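Peer 1: First, the structure itself, so that you have it in front of you.
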Amino acid sequence: MAKPLVVVIPHQLGRAEARRRLENGIGQAKDMLQKAGLSMADATWSGDRLSFLVGAMNQRVDGDIDVEDDAVRVEVRMPLLLSLFAHKVQQIVSQNGAKLLTKQ
């Protein structure tokens, strides 16, 4: 297993509003993944943490999204094979995460 990929997305929304926007955007995120040939199998909230599982290239990628007062912290754990794409994944998560937080 490769080192987890961590992306921190700052916001000024407060914890409750950031979580609400992420909850409302989860369907959009699933659609985006599906268009890229990926599938999100599980997405489960526990408190202010969203745990997820994504299938990619016959591999499983899991992670957590922690909603904090002033930031959203995304941690993705990828198999070594997929870690070759970590930089691209980091860019996509940063850009699309910020978009989800700015939509109302």
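Peer 1: When the residues of the range 54-64 are filtered to those that are out of contact with any Ser or Thr (no Cβ under 8 Å at 6 or more places or on another chain) and modelled with pLDDT of 75 or more, which remaining residue is least open to solvent (accessible area, probe 1.4 Å)?
Peer 2: Filtering the range 54-64 for residues that are out of contact with any Ser or Thr (no Cβ under 8 Å at 6 or more places or on another chain) and modelled with pLDDT of 75 or more, the one least open to solvent (accessible area, probe 1.4 Å) comes out as Val61.
Peer 1: If you scan the range 33-53, which residues turn out to be part of a strand (DSSP E or B), surrounded by 12 or more Cβ atoms within 10 Å (Cβ to Cβ) and modelled with pLDDT of 85 or more?
Peer 2: Here is the first cut: in the range 33-53, the ones part of a strand (DSSP E or B) are 39-46, 49-53.
Okay, now just the ones that are also surrounded by 12 or more Cβ atoms within 10 Å (Cβ to Cβ), so 39-40, 43, 45, 49-53.
Across the range 33-53, the qualifying residues are Ala43, Trp45, Arg49, Leu50, Ser51, Phe52, Leu53.
Peer 1: Turning to a different aspect of this structure: Consider only pairs whose beta carbons are under 9 Å apart and that are at least six residues apart or on different chains; among these, list those whose first residue lies in the range 22-35 and is over 16 Å from Gln95 (Cα atoms) and whose second residue is assigned to a helix (DSSP H, G or I).
Peer 2: From the range 22-35, the pairs are Asn24/Leu100.
Peer 1: Would you check which residues across the range 46-78 are without any contact (Cβ under 8 Å) to a residue 12 or more places away in the chain and farther than 25 Å from Lys35 by Cα and list them?
Peer 2: Residues of the range 46-78 that are without any contact (Cβ under 8 Å) to a residue 12 or more places away in the chain, as a first pass: 46-47, 58.
Answer for the range 46-78, where residues must be without any contact (Cβ under 8 Å) to a residue 12 or more places away in the chain and farther than 25 Å from Lys35 by Cα: Ser46, Gly47.
Peer 1: Quick check: is even one residue across the range 8-15 at pLDDT 90 or above, of a type outside the set (A, V, I, L, M), open to solvent by 70 Å² or more (accessible area, probe 1.4 Å) and part of a helix (DSSP H, G or I)?
Peer 2: The answer is yes; a qualifying residue exists.
The values are calculated or read from the model by the stated rules, or taken from the named source; none is laboratory data. These numbers were taken from a predicted model, which means no experiment stands behind them. All Cβ positions, even for glycine, are placed from backbone atoms using ideal geometry, and neighbour counts span all protein chains on display. Surface areas here come from the heavy atoms of the whole protein model, side chains and all, with no ligands, DNA or RNA. Shrake-Rupley method; radii C 1.70, N 1.55, O 1.52, S 1.80 Å.
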